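Before any comments, here is the structure.
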Amino acid sequence: MDDIVVGTDELGVLLMGHARNAYWYGSVLSIQEARELAPYNNATSLPVVGGVLAGIIWAIENPHAGIIEPDQIPCKLILEIAAPYKGKRVGVYSDWTPLIDRGVLFEEDREKAGPWQFKNFRVS
């Protein structure tokens, strides 16, 4: 409960392979912000629990929906409920590709013409 005294947790998604290389979108929550929202919690558990809480609220409000896929739940409602527990939303572009800094320690077989090919993600 008290072992983490400072720091942040970043939870998000990295979208790769488009014209601007890579884009990270997610949330950043500090341990101090997390404990202000919910004492005895941390910046890792709180964003996850926010999503779970939103799903539970939706299920209670829609008791006759039956078993459904996550894509069938209205995402705007879920994000609205979970937002207070997620921290600051951040979006950042990056010039990173899987070819950056490759082949430094040892020569690798890479697909230099297409940086986003699966072959460039494997380390063999």
Pick from Val5, Val92, Val13: which is within 30 Å of Lys119 (Cβ to Cβ) and exposed (fewer than 10 other Cβ atoms within 10 Å of the Cβ)? Val13
Qualifying position, being surrounded by 10 or more Cβ atoms within 10 Å (Cβ to Cβ) and on the phi > 0 side of the Ramachandran plot, among Gly51, Gly55, Gly87, Gly66: Gly87
Options Ala82, Ala65: the member that is of a type in the set (Gly, Ala, Ser) and assigned to a helix (DSSP H, G or I): Ala82
Residue hits (the range 69-83; more than 29 Å from Asn21 (Cα to Cα) and either of a type in the set (D, E, K, R) or exposed (fewer than 11 other Cβ atoms within 10 Å of the Cβ) (or both)) are Glu69, Gln72, Pro74, Glu80
Answer residue from the range 86-114, given it is in contact with a Gly (Cβ under 8 Å, 6 or more places away or on another chain) and assigned to a loop (DSSP other than H, G, I, E, B) and is nearest to Ala38 (Cα to Cα) among those: Lys86
So which residues in the range 115-124 are among the charged types (D, E, K, R) and either assigned to a strand (DSSP E or B) or surrounded by 12 or more Cβ atoms within 10 Å (Cβ to Cβ) (or both)? Lys119
Matching residues in the range 30-48 (loosely packed, with under 15 Cβ neighbours inside 10 Å and among the acidic types (Asp, Glu)) number 1
Ser27 vs (1) at pLDDT below 90; (2) assigned to a strand (DSSP E or B); (3) not acidic (Asp, Glu): all pass except (1)
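The values are calculated or read from the model by the stated rules, or taken from the named source; none is laboratory data. Please read all numbers here as calculations on a predicted model, not as lab measurements. Cβ sites come from the backbone with ideal geometry, for glycine too, and all protein chains shown count toward neighbours.
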